[in-house]
Amino acid sequence: MFNRFHYIAILIFLPLFSFGQKVGVVLSGGGASGAAHIGVLKALEENNIPIDYITGTSIGALVGALYASGKTPNEIEALFISDDFIKWSNGVTLEKYTFFYKEEEPSAEVVNVDFNLDTLFEANLPVSFISSVPIDFGLMQLFAAPSAAANYNFDSLMIPFRCIAADITNGAEYPFYSGNIATAVRASMAYPFYLSPIKHNGSLLFDGGLYNNFPSDIMYHDFMPDFIIGSNVSRKDPTPMEDNLVSQIKSMLSKESNYTLECADGIIIKPEIEEITLLDFDQNYKAIQEGYKSALASIDSIKLKIKDFRKLEDLDTKRKAFLNKNKALKFRNVSISGIDEQQTNYIFNRALRKKPYFEFDKLEQSYMRLLSDRGIKSIYPDTKFDTASGYYDLNLDIKKEKSFQVEFGGIIAARPINTGYVGLRYNRLKKTNLTLSGNTYFGKLHSAAKIAGRIEFPNRLPIYTEISYTATKWDFFNSSTTLLEDVNPSYLINNENFVDLKFGTPIRFKGKFELGATLFELENEYYQNNSFLRTDTADINLFRGFSPYFSYSRNTLNQKQFANSGSQLELKARWVYGDEKNIPGSTSLETESITKKRDWFELRFKYQNYFFNKNKFKLGAQIEFISTNQPFFDNYTATVLIAPSFQPLPEMSTLFQYQYRTHSYSAIGLKTIYSFTKKLDLRVEGYIFQPYQEVIDNSKKAGYGEILSTRDFIGTITAVYNTRIGPIAASFNYYDSAVNQYKFLLHFGYILFNKKALE
């Protein structure tokens, strides 16, 4: 009969008779090239190599955490090559998350810098190149359930796991053993100047690769495996250069990592991915294949060292057992830090709607709706599962954007339409959001200034009111390469001054309704023929008035110019009432000034949709319709100047083309896009413009042509390369009825301007 001594003896000497072999996998950091780790894991699984422990740094931490949480290598691969992941890695919020109600009119802005007036210069320097929001939210979605299933203990994951961050507060490694996996991985990936660091337990944490880019020591000391398989995609850091600030600071912060195995027995796999750069996440598929290939080349050597192989069926059973512990993402309590809760409660209270919880899709909508506010810089989500209620509690640590933001942009072109843009914005985020903004455009063709103030009321039904003043000048004479280039008359200067007051409210997530009124003064200066002398005086046509309007718009386009996915709908009705005053110049047939009352009603409709997307080929269509009972003004030129115009191509906003100006018209277009890469598109577009009645010149007076008697064709072939700060485009355009039918335009930047008074 066994007594207590016998049991103790068995427990002590049992390991001596046990032949179980434990295998650990170590995944290095290395940026985008770390996708190769997925191929390594795939090859190991397919060859029944057991993985009992896993450690990683930076991108290796992400891959390792996904695998330890029950994801298969194929599932991880699908994530890494998805468009969503590429956008996360570039700090781009997915289009479906943008809250259109919060978006302002698009401008020529390409870069912006945030700052506070009451802080030192160094405190205003940006700390990261991309927004961390998409990554933070994505990591929370991926790891909230596995963290809870493991009871926030990394040893209780499907595969025991460790990852490393760099604690620059104390100058030491920061290993994660427990807590939220999302926090651990996010800290380990915080690459200097690319992704912002996070604060955790009083320490500022950066990318673990600064101190330990290959955590084989953590693997050995924590788990004591019999055999270690390392996957190393790191590169030797370049010598600091005198003109490269990032390399200098990284050199000062980092410590030399040890790329050897602590274990007496092991192997290091080095995938051939030298040509894949640190941030080249577009090459994830290639990196995965290279990792797979390199692992297969080492498989025979690994098998010689492995005693116990693991069948895929046994691994699937283990994986399913862990995944069955995952609790669905249902949220109960939401707590806010860093901002007035009144700014957020109305959003999340709507998600609850008197229910005990809300599900992930409602959280997703509310979260991104809140983030759409330009006064918010980032939201860091932290989840905790409450075993008593069976729901997750959510804390949102919100960081406000700096109060001031300066914007720069404009157009650099091969034609004389070069325009600079500077904007300044002030945000105050309290019980009501206040935004004050101003911008200026300056160039030969166009100069403008705008100031605006916007107040948002975070009610159950959000409402905003905005008032703005805009002054613009268009000089088609000085910006033309020849006097007769598409401008009839050849001398034309257009000035607008107007005040616009509007109220708006969201219609679901992607729509908004606006009600407003415009008080305006339009002044056009022109000659009525192309033969004029320096001593001649120009005609001046003044139109001062008032225009109330309402509009509905919906927008899911993925770019503010040269979009290739999504749709846009605009419906606007306005009434215009005012006084026209025409002051004839020396080339006019008239000699007396006239003043007349003018009023009309106008209805505009525009819809474009990219409805087909397969592989690299995309199709889109555009429909536009305008109907108005606008009267003729004093002469032909004054009439076409005030008439609506069809401008489907960016270049057309820089030209005065009278043949595309009339009171009522319809138009239809087809857009064909071939994407050579994710950044390079070739666009072929064609449009048919159908005026109801053409506005014609009857001895300098305006008249109508026959109904539906004329139509016009517009076409373009455009190559667009989308850089991080704006598009570079080369377009060959065709205008059927233009003086010069063919035009070539090469430009960098967005050909976008402030809206006109009666647009």
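The values are calculated or read from the model by the stated rules, or taken from the named source; none is laboratory data. Predicted, not measured: the structure shown is a model, and the values here were computed from it. Cβ atoms come from the backbone with ideal geometry, glycine included; neighbour counts cover every protein chain shown. Accessible surface areas use protein heavy atoms only, side chains included; no ligands, DNA or RNA. Shrake-Rupley method; radii C 1.70, N 1.55, O 1.52, S 1.80 Å.
Just to be sure I understand, how many residues within segment 398-422 are acidic (Asp, Glu) and open to solvent by 10 Å² or more (accessible area, probe 1.4 Å)?
Result for segment 398-422: 1.
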How many residues, within segment 499-516, are open to solvent by 30 Å² or more (accessible area, probe 1.4 Å) and either hydrophobic (A, V, I, L, M, F, W, C) or assigned to a strand (DSSP E or B) (or both)? 7
Hey, any hits in segment 653-676 for a residue that's in a loop (DSSP other than H, G, I, E, B), more than 30 Å from Ile594 (Cα to Cα), open to solvent by 20 Å² or more (accessible area, probe 1.4 Å) and aromatic (Phe, Trp, Tyr)? yes
Inspect all residues belonging to segment 581-592 and state whether any of them is modelled with pLDDT under 95, of a type in the set (Asp, Glu), outside any strand (DSSP E or B) and touching a strand residue (DSSP E or B) at 6+ places or on another chain (Cβ under 7 Å). no
Hey, among the residues in segment 489-510 that are more than 22 Å from Phe457 (Cα to Cα) and in contact with a helix residue (DSSP H, G or I) (Cβ under 9 Å, 6 or more places away or on another chain), which one's modelled with the lowest pLDDT? Pro489
Within segment 687-739, considering only strands (runs of 3 or more DSSP E) that don't extend past its boundaries, which have at least 3 residues that are more than 30 Å from Thr639 (Cβ to Cβ) and modelled with pLDDT of 90 or more? 712-723, 726-735
Please enumerate the residues belonging to segment 248-290 that are small (Gly, Ala, Ser) and at pLDDT 75 or above. Gly266, Ala287
Cβ pairs under 6 Å, 6+ apart, first in segment 530-558 and assigned to a loop (DSSP other than H, G, I, E, B), second among the aliphatic types (A, V, I, L, M) and at pLDDT 85 or above: Leu557/Ala563
Considering every residue within segment 111-132, establish whether at least one is surrounded by 23 or more Cβ atoms within 10 Å (Cβ to Cβ) and at pLDDT 80 or above. yes
Return the residue satisfying two criteria in turn: it lies in segment 423-452 and is of a type in the set (A, V, I, L, M, F, W, C) and in contact with a Ser or Thr (Cβ under 6 Å, 6 or more places away or on another chain), and of such residues it is most open to solvent (accessible area, probe 1.4 Å). Ala449
What's the number of the only condition in (1) open to solvent by 10 Å² or more (accessible area, probe 1.4 Å); (2) out of contact with any Leu (no Cβ under 7 Å at 6 or more places or on another chain) that Tyr174 fails to meet? (2)
For segment 276-292, pairs from a residue that is closer than 17 Å to Leu41 by Cβ to a residue that is charged (D, E, K, R), with Cβ under 6 Å and 6 or more apart or across chains, are Ile288/Glu77; Glu290/Glu272; Tyr292/Lys42
Just to be sure I understand, how many residues within segment 453-470 are open to solvent by less than 40 Å² (accessible area, probe 1.4 Å) and more than 24 Å from the chain's Cα centre (by Cα)? 6
Give just the number: which of (1) closer than 14 Å to Phe562 by Cα; (2) open to solvent by less than 30 Å² (accessible area, probe 1.4 Å); (3) of a type in the set (A, V, I, L, M, F, W, C); (4) in contact with a Ser or Thr (Cβ under 8 Å, 6 or more places away or on another chain) does Ala643 not satisfy? (1)
Filtering segment 52-97 down to residues that are assigned to a loop (DSSP other than H, G, I, E, B) and crowded, with 21+ Cβ neighbours inside 10 Å, which residue is modelled with the lowest pLDDT? Ser58
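Go through segment 38-51 and give me each residue that's open to solvent by less than 20 Å² (accessible area, probe 1.4 Å), assigned to a helix (DSSP H, G or I) and either within 23 Å of Lys325 (Cα to Cα) or of a type in the set (Gly, Ala, Ser) (or both).
Correct list: Gly39, Ala43.
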Which of the residues spanning segment 624-637 are assigned to a strand (DSSP E or B) and either in contact with a helix residue (DSSP H, G or I) (Cβ under 6 Å, 6 or more places away or on another chain) or open to solvent by 80 Å² or more (accessible area, probe 1.4 Å) (or both)? Phe625
Extreme residue, surrounded by the fewest Cβ atoms within 10 Å (Cβ to Cβ), among residues of segment 531-549 that are at pLDDT below 95 and touching a Phe, Trp or Tyr at 6+ places or on another chain (Cβ under 8 Å): Asp536
Given (1) among the basic types (Lys, Arg); (2) farther than 20 Å from Gln568 by Cβ; (3) in contact with a Phe, Trp or Tyr (Cβ under 7 Å, 6 or more places away or on another chain), identify the lone condition not met by Lys614. (3)
Given the conditions (1) of a type in the set (S, T, N, Q); (2) in a strand (DSSP E or B); (3) under 29 Å from the mean Cα position of the chain (by Cα), every one holds for Gln647 apart from (2)
Per the filter on segment 719-746, residues within 30 Å of Ile130 (Cβ to Cβ), buried (at least 16 other Cβ atoms within 10 Å of the Cβ) and in contact (Cβ under 8 Å) with a residue 60 or more places away in the chain are Val720, Asn722, Gly726, Pro727, Ala729, Ser731
All positions within segment 379-407 that are of a type in the set (Lys, Arg) and modelled with pLDDT under 90: Lys399, Lys400, Lys402
Here is a check on your reading of the model: is Leu483 at pLDDT below 95, buried (at least 20 other Cβ atoms within 10 Å of the Cβ) and among the aliphatic types (A, V, I, L, M)? no
Checked Gln559, Gln528 against criteria (at pLDDT below 90, open to solvent by 50 Å² or more (accessible area, probe 1.4 Å) and touching a strand residue (DSSP E or B) at 6+ places or on another chain (Cβ under 8 Å)); the one match is Gln559
If Ala573 passes every condition in (1) of a type in the set (A, V, I, L, M, F, W, C); (2) open to solvent by 60 Å² or more (accessible area, probe 1.4 Å); (3) within 43 Å of the chain's Cα centre (by Cα) but one, which one does it miss? (2)
